[in-house]
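The values are calculated or read from the model by the stated rules, or taken from the named source; none is laboratory data. This is a predicted model, so every value here is computed, not measured. Reconstructed Cβ throughout: ideal geometry from the backbone, glycine too, with neighbour counts over all protein chains shown. These accessible areas exclude ligands, DNA and RNA; they are computed on the full protein's heavy atoms, side chains included. Shrake-Rupley method; radii C 1.70, N 1.55, O 1.52, S 1.80 Å.
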Amino acid sequence: MKLDLQFVRSQFPAFAEPSLEGWAFFENAGGSYPCSQFIHRLNDFYMKNKVQPYYPYPASIRAGEMMDTSYRRMAEYLNVEESEIHFGPSTTQNVYVLANAMRPMWKDGDEIIVSCQDHEANAGAWRRLADRGLKIVEWHVDRERGLLGLDDLDGLFSDRTRMVVFPHCSNVIGHVNPVKEISQRAHANGALCVVDGVAYAPHGFPDLKALGADIYFFSLYKTYGPHLGLMYVKKELIVKMENQSHFFKEGITRSMLTPAGPDHAQIGSVSGILDYFDSVYEHHFDKQTVPSQRNSALNRLFREHEKALLERLLEFLRSRDDIQLLGPPKADGRVPTISILPLNKSLEEVYASLTQHKLMMGMGNFYAVRPLKDMAIPAEPGVLRMSFLHYTSTEEIDQLIAGLKVAL
């Protein structure tokens, strides 16, 4: 089965927007284009249901139903229970709330292993617990490629290890870490497993039960929807946490990790992402399945398309002796988030040239200061990052390669 790219791109208004014509978008790791289904639901909510939800009048009933539907459908796609899904204003804020909620679970001197491959969202909040009696143990990346080593992890466990924190994949390295295996190693040592999926989820929602992580989170504005963070927290774990909401919310799991009131409209519109996924599934497949199985089929469809484009780009980058490529040089085992460092020209000069070629991409450290530090790469000006998704075309990859040939 081959991805029908024309159909996919027709679901995103950005590809029909005159002001974006001719521009190729390669900063998807910073935020994806939104799908029309999400935009429609958000607009519909503001037009018809922007009232306090869960009251017994029609507009309010519908508002509550839209929110409940988002919780239920997202849980079905991720293969977890509805009570295990939590929406918050951003991943960074969600992690800070988690850190505060979990600190009372541990004693002074207990240890948390925190990887140095993370975006600071999944590093800073945990590391600050060192000021509150915990010991932070650093899991460093190798200097050459920026990868995490499992043998290195095994040497970090102790009888006081309480948690292992790492990304599903780094937002600058791109390598996909073996979450299931790391989860098993953490659990074998009596530790929890917390995974930052922000850089991974745009390339396919994971089956969270299969991964085995205790906590997993990602950002919905990078997966075609609203500026919200989503957290999965095992139901057995949340009851051990300290309530972060009003005292009368104790025991109401949907509220315990949301100190302020939720954004009703954005939560209600999350279902639009899944409307999009369902549309793509129904366009490509005849067999009707449950949402988690649909998700698996879509992951394979998206991955094959992305992999073909990624290998095309990496083949070009491997042919150059004037760049440093971060992460694996082959498409296997990585997502299409590619960071490079020019060796013969300044980063700023190369970036300016690429912009002239109507290429939208990122330059900087992308809040991934720690992996760059481990690799002896200055956080300023950082690296050049090219990231794309399943809606990217071969023509856009060719446009990128043509621009790189000139810029480098």
DSSP beta bridges in the chain, what fraction antiparallel, as a percent rounded to 5? 50
With a point put 7 Å past each Cα toward its Cβ, work out how far L5 is from V406 in nm, to one decimal. 2.1
With the Cα gyration tensor of the chain in hand, give its eigenvalues times 5 under a square root as the equivalent ellipsoid semi-axes, listed largest first in whole angstrom. 33, 30, 18
Give the residues of the range 355-379 whose amide nitrogen is closer than 16 Å to a point set 7 Å from the Cα of R145 in the direction of its Cβ. 375
Suppose only helical runs count, i.e. DSSP H with n ≥ 4. What mean residue ellipticity at 222 nm does that imply for the chain under -39500 (n - 2.57) per run, divided by all residues and rounded to the nearest 500 deg cm²/dmol? -11500 deg cm²/dmol
Could you please state how large a percent of the accessible area of the chain is carbon and sulfur, counting protein chains only and using a 1.4 Å probe? 51
Taking R0 as 22 Å and r as the Cβ-Cβ distance between R132 and Q93, the FRET efficiency 1/(1 + (r/R0)^6), rounded to the nearest 0.05, comes to 0.75
At 7 Å along Cα-to-Cβ for each site, give me the label-to-label distance between H283 and K180 in nm. 3.0
What is the dipole size for the range 153-307, taken about its Cα centre, with +1 at each Lys and Arg Cβ and -1 at each Asp and Glu Cβ, in debye to the nearest 20? 240
Over the Cα atoms of the range 306-355, what radius of gyration and what Dmax do you get, in Å? 11.5, 31
Measuring from its Cα centre, the range 7-88 shows a charge dipole (+1 at each Lys and Arg Cβ, -1 at each Asp and Glu Cβ) which, in debye to the nearest 20, is 300
Taking r as the C-beta separation of F316 and L237 and R0 as 45 Å, the FRET efficiency to the nearest 0.05 is 0.50
Amide H within-cut-off set for M361, under 5 Å, with H built and near neighbours excluded: F26
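State which entries of K50/K249; K107/K209; K307/K405; K107/K235; K234/K373 exceed 31 angstrom in Cα-Cα distance in the structure shown.
Cα-Cα > 31 Å for K234/K373; rest within.
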Could you tell me, in Å, what Rg and Dmax come out for the Cα atoms of the range 272-336? 16.0, 50
Span from the the range 70-148 Cα centroid across to the the range 334-378 one, whole angstrom: 26
How high is the relative contact order of the chain, in percent, with contacts defined as C-alpha pairs under 8 Å that are six or more residues apart? 24
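When you count, for each residue, the other Cβ atoms within 10 Å and take the mean per peptide, how do 309-320, 366-377 rank with the highest first? Display every interim value, and only then the final one.
Numbers: 309-320: 16.2, 366-377: 20.9.
Answer by packing, highest mean first, reads 366-377, 309-320.
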Check: C-alpha center the range 262-294 vs C-alpha center the range 21-62, spacing in Å is 14
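Would you work out the charge dipole size for the chain about its Cα centre, treating the Cβ of every Lys and Arg as +1 and the Cβ of every Asp and Glu as -1, and quote it to the nearest 20 debye?
Taking the Cα centre of the chain as origin, the dipole is about 440 debye.
Between S19 and D398, what length comes free when the chain is fully extended (0.36 nm per residue of separation minus the Cα-Cα distance, one decimal in nm)? Don't jump to the answer; show the numbers that get you there.
Details: separation 379, 0.36 × 379 = 136.44 nm, distance 2.09 nm.
Residue separation times 0.36 nm, minus the Cα-Cα distance, leaves 134.4 nm.
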With the other protein chains left in place, how much accessible area per residue, in square angstrom, belongs to the chain at a 1.4 angstrom probe? 41
Simple label model, 7 Å out from Cα along Cβ direction - V290 to H187, nm: 1.9
By average C-beta atoms within 10 angstrom, highest first, the peptides 233-246, 388-401: 388-401, 233-246
Along the range 115-132, Karplus-curve 3J(HN,Hα) (6.51, -1.76, 1.60; θ = phi - 60°) to the nearest Hz, with x for Gly and Pro, reads 6, 9, 9, 7, 4, 4, 4, 9, 9, x, 5, 5, 5, 5, 5, 4, 7, 10
For the range 189-283, what is the percent of antiparallel DSSP beta bridges, rounded to the nearest 5? 60
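Of F247, F166, which has the most accessible area with a 1.4 Å probe, and how do the rest follow in descending order?
Descending order: F247, F166.
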